[in-house]
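A short worksheet on the structure shown next.
The values are calculated or read from the model by the stated rules, or taken from the named source; none is laboratory data. Computed from a prediction, not measured in an experiment: that's the story for all the values here. Neighbour counts run over all protein chains shown; Cβ positions are idealised from the backbone, glycine included. These area figures cover heavy atoms from the full protein model, side chains too; ligands, DNA and RNA do not enter into them. Shrake-Rupley method; radii C 1.70, N 1.55, O 1.52, S 1.80 Å.
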Amino acid sequence: MTDLVQDETFSGRDWALEEVTGVRYEDCAFHDVDWSEARLTGCVFTNCTFGNVRFNAATLERVAIMQSTVQRCSFFDATLTDCKLTGTQFIDCGLRPITVEGGDWGFVSLRGQNLTGARLAGLRLREADLLGADLSRADLRDADLSNARLTDVTLKGADLRGADLDGVELRGVDLGGATIDIGQAVRFATAYGATVA
């Protein structure tokens, strides 16, 4: 496979167990592709479309999926290590269980996605759109959530200790059952008009 693939459409491909390294895809479309248990390393997808793609038990390492649309795709038991998802939109995807180790998910859209129990500690989610997402029991320790949209997000049982919440509209965020640190508690209290003495 060449190092650069442009304006190609891949449909119905069985790429399970494949190993793909260092390939750049630009303006490509992937439909009904099976990448289950595949290993993608150092690949870059820019302005691509994914529909009904299976990444089940796949390993993505240092993969960049930027300014792309990922719709009705399955990441069951997938592992994403140091991946960059800048500006990518996830729609009706299966994202659990998923293992995330580091990476930059800045400006990603995860609206309404179910990320219950996801381990997202230390992940960069700056200016991410998490509107209506379910982050119950998610591990968000030390994550960068600065300027992220958390409207109607479910955080029941989530761990937010050390997470950067700068610029987040805290009013209306339901923290019932979430674990937060003292600094965050002060910020939430202040957001609701309380005076912390």
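Some points to look at:
- Pair list, Cβ < 9 Å and 6+ apart or interchain, from the range 178-197 residues that are closer than 28 Å to G117 by Cβ to residues that are open to solvent by 60 Å² or more (accessible area, probe 1.4 Å) and acidic (D, E): A191/E169
- Looking across the range 46-62, the residues that are more than 14 Å from R72 (Cα to Cα), part of a strand (DSSP E or B) and open to solvent by 10 Å² or more (accessible area, probe 1.4 Å) come down to T46, T59, E61.
- Some residue of the range 144-155 being of a type in the set (D, E, K, R), free of Cβ contacts under 8 Å to residues at least 24 places away in the same chain and in a loop (DSSP other than H, G, I, E, B): yes
- Test: L131 is assigned to a loop (DSSP other than H, G, I, E, B), closer than 28 Å to S68 by Cβ, free of Cβ contacts under 8 Å to residues at least 60 places away in the same chain and out of contact with any Leu (no Cβ under 7 Å at 6 or more places or on another chain): yes
- Unmet requirement for Y192, which otherwise passes all of (1) in contact with a Gly (Cβ under 7 Å, 6 or more places away or on another chain); (2) at pLDDT below 80: (1)
- Enumeration of residues in the range 36-45 that are closer than 16 Å to R24 by Cβ and either crowded, with 17+ Cβ neighbours inside 10 Å or in contact with a helix residue (DSSP H, G or I) (Cβ under 9 Å, 6 or more places away or on another chain) (or both): L40, C43, V44, F45
- Per-region count, the range 11-30, residues surrounded by 16 or more Cβ atoms within 10 Å (Cβ to Cβ) and more than 12 Å from V44 (Cβ to Cβ): 4
- Residue within the range 165-177 that is open to solvent by 40 Å² or more (accessible area, probe 1.4 Å), charged (D, E, K, R) and within 24 Å of T86 (Cβ to Cβ) present: yes
- Being surrounded by fewer than 15 Cβ atoms within 10 Å (Cβ to Cβ) and part of a loop (DSSP other than H, G, I, E, B) holds for only one residue in T190, T116, T99, T195, and it is T195.
- Screening A143 with (1) open to solvent by 50 Å² or more (accessible area, probe 1.4 Å); (2) under 21 Å from G87 (Cβ atoms) gives one miss only, at (1).
- Being more than 15 Å from the chain's Cα centre (by Cα) and either within 21 Å of G103 (Cα to Cα) or at pLDDT below 95 (or both) holds for only one residue in D3, D77, D34, and it is D3.
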